[in-house]
Amino acid sequence: MKENFYYSQSSLDTFKRCPKMYEYIYIDGVSGKGGDPQLKKNIDMGTNFHILAERYFNGIKDYFYVKNDQLLEWMTVLEEKYPEDMDFRSEFEIRQNKDEIRLMAKYDLIVIEGDKIKIVDFKTNKNSYKADVVDGDIQTKVYMYLLGENLKRVFPNIKIGNISMEYFQLNYPGNKICIEYNRKKHEENRKILKELIGEIKKNIFFSASKNEEICIKCGFESFCQKQL
């Protein structure tokens, strides 16, 4: 792994799911082959939506070439929810190297509403999310901690208790999931992230997951040393 590597919610989540997969991707630089075809299709759809969303927030509404009805439907939902005249930052990136926490995140959308700030993450999954589940997700912890830790530098007029995060589900626009933040959560997240990064750094042997469902879908099953 490169010395200047910045941990992201994706790399940390990969380690939590399967340390061996983390080793393949982030240390060996190997791309998984195969895997679940439907999962790949869903990921591609999500990627295409995020590209269109980024262009929309940059004032480019060129959907004439889009032939996929699902993508067009998602864009209609997005435009109704988030008009172009609001105060926002699209694809906003924050990096930090502080207190042994080298971390980065690129936010789909950050919305500023007076003295409040909201992180918005777009989800195109077919299954709906639950608030109590995503509240404990590593993505929630990384995104809220990193913004909170860098508020004075990037948004100096906003206090940490005025941060929230919304998971906006394009397939379930009425199912609002909004998570509030505070100083207590911030300190808890600092401890969790520091311990997780420390655990990764001290690893010499990265063990494979014992969850067979993860193994089947990961794309490394053809050459992983783990015997199912």
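In the set VAL111, VAL66, which member is outside any strand (DSSP E or B), of a type in the set (A, V, I, L, M, F, W, C) and either at pLDDT 95 or above or more than 19 Å from the chain's Cα centre (by Cα) (or both)?
Among VAL111, VAL66, only VAL66 is outside any strand (DSSP E or B), of a type in the set (A, V, I, L, M, F, W, C) and either at pLDDT 95 or above or more than 19 Å from the chain's Cα centre (by Cα) (or both).
So which residues in segment 35-52 are over 30 Å from LYS202 (Cα atoms) and either touching a Gly at 6+ places or on another chain (Cβ under 6 Å) or modelled with pLDDT of 90 or more (or both)?
Result: MET45, GLY46, THR47, ASN48, PHE49, HIS50, ILE51, LEU52.
Can we say ILE117 is touching a strand residue (DSSP E or B) at 6+ places or on another chain (Cβ under 9 Å), surrounded by fewer than 18 Cβ atoms within 10 Å (Cβ to Cβ) and modelled with pLDDT of 95 or more?
Answer is no for this residue.
A quick yes/no check of all residues on (1) of a type in the set (S, T, N, Q); (2) within 27 Å of TYR26 (Cβ to Cβ); (3) in contact (Cβ under 8 Å) with a residue 24 or more places away in the chain:
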| residue | (1), (2), (3) |
| --- | --- |
| GLY174 | no, no, no |
| GLU180 | no, no, no |
| LYS194 | no, yes, yes |
| SER207 | yes, yes, yes |
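Determine which single condition LYS184 fails, assuming it passes every other condition in (1) in a helix (DSSP H, G or I); (2) touching a residue at least 24 places away in the same chain (Cβ under 8 Å).
Here LYS184 clears every test but (2).
Output the residues belonging to segment 161-187 that are at pLDDT 95 or above, more than 19 Å from the chain's Cα centre (by Cα) and surrounded by fewer than 18 Cβ atoms within 10 Å (Cβ to Cβ).
GLY161, ASN182, ARG183, LYS184, GLU187 - these are the residues of segment 161-187 that are at pLDDT 95 or above, more than 19 Å from the chain's Cα centre (by Cα) and surrounded by fewer than 18 Cβ atoms within 10 Å (Cβ to Cβ).
If you scan segment 92-111, which residues turn out to be open to solvent by less than 60 Å² (accessible area, probe 1.4 Å), free of Cβ contacts under 8 Å to residues at least 60 places away in the same chain and out of contact with any Phe, Trp or Tyr (no Cβ under 7 Å at 6 or more places or on another chain)?
GLN96
The values are calculated or read from the model by the stated rules, or taken from the named source; none is laboratory data. Everything numeric in this text was worked out from a predicted model, so none of it was measured. Cβ sites come from the backbone with ideal geometry, for glycine too, and all protein chains shown count toward neighbours. For accessibility, only protein heavy atoms count, side chains too; no ligands or nucleic acids. Shrake-Rupley method; radii C 1.70, N 1.55, O 1.52, S 1.80 Å.
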